[in-house]
Structures are given as C-alpha cells and as structure tokens.
Amino acid sequence: MPAHSMTAAAAAGASLLIIYLAIRRRRRLSSSFLPTQSFGAKHEGLLRDARLDKLLVITDFDATLTTGDSTQCHDLVGFSDLLAAQFREGFAPLLDWQTNPLTDGVQWWDTAHALMVKYGQPPRSLIPRMVRQSSMVPRPGALKLLHRLALLNVPVLIVSAGLSDVIEEFLRQHDARLQL
C-alpha cells in the first residue's frame, strides 16, 4: 500500500465524518457561545437547539467513506491496466510519495490533472469498469449512514480532492441514494 494511503487513513480515522450544524437563531447568541466556554458546552448548546431540517453532513471520500486501506481515486487512475501505458508511466511517479518532490497538494493536483487532460485519461466510459475492478471498499457503516441520511432528507456534501466521476460511480455501484 502506498505510504500516502496509510497517512490518509490515519487522518481519516481522526475525523471519520465532520458534521456541521447550521443553526439559525432568532435571538443573539447566548452566553454558552462566549470564548470562555469549553468546546463541550458550545457543542451541547448546538445539539440542544439542533433540528433535523438544519443538519448538513460534510465528509471526505478517500479513506473516510472508504476504508483506510482502499484504493484511492488517484491511485485507481495511476495503476489501472485499463488506461494507456504511456499515461501510467507519466502518472506513476506522482504516486510515489517517498521520492516525489511535488508533495504540495495544489501543485501535485495541478500536475496530476494536467497529465489526465493531456492523455485524455481516464475515458468516462471506462470508469464504471475501473471502479468495479478496484479494491475500493466502503467503510463499515458508511453506506448505511448515507442511506439513513437520504431517508431523513439530510443533505450530504462530499468534499474531496479525489475524482468526482470516480466518487459518483462508486456511490452508484453501492446504491448510495444521494443526489449527484
């Protein structure tokens, strides 16, 4: 497993799902929101006044909705035998986090996506097969949570540096009832 997958898994373990409660109060913030109050007191106040119709779940995808040892979106593209060998040769060094000097997220992302555009990879028509043949595995309970949130009409926002086409296909193949 690439070292960055283990790092991402550790980070994801620390914050499995980030839940943001957008609560609009009719009155000004009470004293429970003063800076001298502990996080626990503030959190209690948010939960006390929480309403389901004001809930929004924000989550990452790679190593959050998927297991920490799952193939990540960019790994799927970089290592897929379905894609052109010339593209994979250019993309593979980006996935070597030990020796790759482009470890800055923005520069890495720009370089990786420039290669995808240059080679026209991955073709949209191959994405379902790539996802199906991958070792992307849903984190235990994640799909059940997404289904429950859909039944409750709670919006879920997936914020990811991964590939939206891959993420959407993964969710489709796992019957995650989200508005894509």
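The values are calculated or read from the model by the stated rules, or taken from the named source; none is laboratory data. Note that the structure is predicted; figures quoted are calculated from it, not measured. Note that we place each Cβ from the backbone using ideal geometry, even for glycine, and neighbour counts take in every protein chain shown. For the accessible areas, the whole protein counts, side chains as well, though only heavy atoms, and no ligand, DNA or RNA atoms are used. Shrake-Rupley method; radii C 1.70, N 1.55, O 1.52, S 1.80 Å.
Numbers for the structure displayed
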item	result
Enumeration of residues in the range 55-96 that are more than 19 Å from the chain's Cα centre (by Cα), open to solvent by 20 Å² or more (accessible area, probe 1.4 Å) and within 21 Å of Met136 (Cβ to Cβ)	Phe79, Asp81, Leu82, Arg88, Ala92, Asp96
Selection count where residues are under 14 Å from Gln72 (Cα atoms), open to solvent by 50 Å² or more (accessible area, probe 1.4 Å) and not charged (D, E, K, R), scope the range 122-158	3
Condition met for Val106 (under 19 Å from the mean Cα position of the chain (by Cα) and at pLDDT 90 or above)	no
Unique residue being among the hydroxyl-bearing types (Ser, Thr, Tyr) and within 24 Å of Thr59 (Cβ to Cβ) when the list is Ser160, Ser125	Ser160
All positions within the range 59-112 that are within 14 Å of Ser135 (Cα to Cα) and among the hydrophobic types (A, V, I, L, M, F, W, C)	Ala63, Leu65, Cys73, Leu76, Val77, Phe79
